[in-house]
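The values are calculated or read from the model by the stated rules, or taken from the named source; none is laboratory data. Predicted model only: the values in this text are computed from it and were never measured. Cβ placement follows ideal geometry from the backbone for every residue including glycine, while neighbour counts extend to all protein chains displayed. Side chains included, ligands, DNA and RNA excluded: accessible areas come from the protein's heavy atoms. Shrake-Rupley method; radii C 1.70, N 1.55, O 1.52, S 1.80 Å.
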Amino acid sequence: GVGRSSIREAMRVLQLLGVVEVIQGKGTFVREPGILPLMVDWARVSQMGIISEVMEARQFIEVLLTRLAVERATDDDIAALRAALQHSEASLTNIETNVHAGVNFHLVLADAAHNEVLALMYRTIRDLYLEVARRTRVTTEIALDRLHDHERLLQAITARDPEAAAQAMKEHLDKAYQILSAGESENETSASNKDGGAAL
């Protein structure tokens, strides 16, 4: 007796929490138990609060990862970052695929920092990062802008310029937060209008 839309939303939340994994062309699978479901309050998953906290944490973690990558990235790491960029560019017409490609670029960047603890921290909340990416790639134009940010990051890392790389990452994250905030404001306005209509 449950509608398909309700099931899809429930599965999306389970995917966000890391309980299930959706593999395109194969189906949905239960993942190995992790710590993310224990960390996240189910009632807050769809709220802006936890997304804001993710962005706040990223300002510290990813700027540091970027600086470390400038110092430590090997030729193989640079090649992996280039490959991740190419995947992002190739997936611009498919937003969901582009979301995963964008997050993968950040995962490769975390590996390029060669700090296993920081990389593990990043992967622990990967599913939350995916949700952030979904909310910041609402159009192909925005996805293209995110790609250009990644290109700028790679250029700074390749040039071994820690200040330029850190600044590029900070601006990249700042823009993401602005997109998120704008989307939240639109949702609140829409909800307010609906409530007003109901009252009439």
Looking only at region 119-156, how many residues end up being part of a helix (DSSP H, G or I) and closer than 16 Å to Met55 by Cα? 16
Reported set for region 85-111 where residues are surrounded by 21 or more Cβ atoms within 10 Å (Cβ to Cβ) and either among the small types (Gly, Ala, Ser) or part of a loop (DSSP other than H, G, I, E, B) (or both) is Ser88, Ala101, Gly102, Ala110
Given (1) assigned to a helix (DSSP H, G or I); (2) in contact with a helix residue (DSSP H, G or I) (Cβ under 8 Å, 6 or more places away or on another chain), His114 misses just (1)
So which pairs qualify, if the first residue must be in region 111-123 and closer than 20 Å to Arg82 by Cα, the second must be among the polar types (S, T, N, Q) and in a helix (DSSP H, G or I), the Cβ gap must be under 8 Å, and the two must be at least 6 apart or on different chains? Ala113/Thr66
Is region 93-108 home to any residue that is in contact with an Asp or Glu (Cβ under 8 Å, 6 or more places away or on another chain), on the phi < 0 side of the Ramachandran plot, among the hydrophobic types (A, V, I, L, M, F, W, C) and modelled with pLDDT of 95 or more? yes
Quick one: Pro33 ticks every box in (1) closer than 23 Å to Ala119 by Cα; (2) modelled with pLDDT of 65 or more except a single one, so which number is it? (2)
Residue tally, condition exposed (fewer than 14 other Cβ atoms within 10 Å of the Cβ), modelled with pLDDT under 95 and of a type in the set (D, E, K, R), over region 41-84: 4
Over region 112-136, the set of residues crowded, with 21+ Cβ neighbours inside 10 Å and in contact with a Gly (Cβ under 7 Å, 6 or more places away or on another chain) is Asp127, Ala133
Can you run down the residue pairs with Cβ atoms below 8 Å, 6 or more apart or on separate chains, where the first is in region 137-158 and free of Cβ contacts under 8 Å to residues at least 40 places away in the same chain and among the charged types (D, E, K, R) and the partner is part of a helix (DSSP H, G or I) and open to solvent by 40 Å² or more (accessible area, probe 1.4 Å)? Asp145/Lys175; Asp149/Glu171; Asp149/Lys175
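Quick check on my filter: what residues within region 147-200 are among the β-branched types (Val, Ile, Thr), at pLDDT below 95 and in contact with a Ser or Thr (Cβ under 9 Å, 6 or more places away or on another chain)?
Ile179
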Quick check: is even one residue across region 125-141 among the β-branched types (Val, Ile, Thr) and modelled with pLDDT of 95 or more? no
